[in-house]
Structures are given as structure tokens and as C-alpha cells.
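To start, the structure itself, in C-alpha cells.
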């Protein structure tokens, strides 16, 4: 089935962040997310889900198991299950990325303590 950002389910998360669900199945999810400048998500991990972040616009900083990884446009990062992570937009411009999760992260998010 054809999907566009205009037809995808839109949702809000965190402080002023947006997401669009392109694929929303138990075995896989594909979403596009937008993070305004100065925003971040809560540090967490997934018990079953493997995730892949791919940057479309802007720059991201991802804390991954205590290490800092910077990603720019057209760069991606795979995060295996069980690894604590947190994404930040430290820049002065919007950050947009695709996030693929296999299986879906619904019910599989565990808040992790800061390192």
C-alpha cells in the first residue's frame, strides 16, 4: 500500500517532537521523526527490538551504551536489543530521521538509568 507523510499516522512525543508511522506492524515499524533544536528523548533500551536510525536532515548525537556517536545527513546507526541509547538534537536546526524497528518497539521500551 502506498504511503506518504501526508497519509501516515502523525503523533507527538517528548517536548514538541513529531513522528509519522509509515509501517506499523508487530514484526516491523518504519517511522519518520522530527526533533526541533535542543530536544532529546529519554535514555532507554529495547529487550527484543533492533533499531536502525538513518539521518535525513540535520545532525544527531546518539549516546549508545555510554559512548557518544555523531551522525550527519545520509548516515545511519544500528542498535541491537538490550543496548541503552538516547538521541539528542544539539544543533540550531531541525533533525529528521527514519527509524526502522524489528520487531516493533510497542511494549518493548525500558527506561535506562543515565551512565
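Rule-based calculations on the coordinates, nothing more; no lab input. Keep in mind that what you see is a predicted model, and the values were worked out from it rather than measured. Using ideal geometry, Cβ is built from the backbone for each residue, glycine included, and neighbour counts are taken over all protein chains shown.
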**OP:** Tell me, please, whether a residue that is surrounded by 18 or more Cβ atoms within 10 Å (Cβ to Cβ), closer than 24 Å to residue 9 by Cα and over 11 Å from the mean Cα position of the chain (by Cα) can be found in region 66-82.
**Re:** no
**OP:** Only one of these is touching a strand residue (DSSP E or B) at 6+ places or on another chain (Cβ under 6 Å) and under 14 Å from residue 104 (Cβ atoms): 25, 61, 50, 32. Name it.
**Re:** 50
Original post:
Is there a residue being surrounded by 18 or more Cβ atoms within 10 Å (Cβ to Cβ), assigned to a loop (DSSP other than H, G, I, E, B) and either in contact (Cβ under 8 Å) with a residue 24 or more places away in the chain or touching a helix residue (DSSP H, G or I) at 6+ places or on another chain (Cβ under 7 Å) (or both) anywhere in region 42-57?
Top reply: yes
Original post:
Can we say residue 30 is part of a loop (DSSP other than H, G, I, E, B), under 12 Å from the mean Cα position of the chain (by Cα) and touching a residue at least 60 places away in the same chain (Cβ under 8 Å)?
Top reply: no
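Per-residue answers, yes or no, for (1) assigned to a loop (DSSP other than H, G, I, E, B); (2) within 18 Å of residue 31 (Cβ to Cβ); (3) out of contact with any helix residue (DSSP H, G or I) (no Cβ under 7 Å at 6 or more places or on another chain):
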| residue | (1), (2), (3) |
| --- | --- |
| 61 | no, no, yes |
| 70 | no, no, yes |
| 78 | no, yes, yes |
| 92 | yes, no, yes |
| 98 | no, yes, yes |
| 105 | yes, yes, yes |
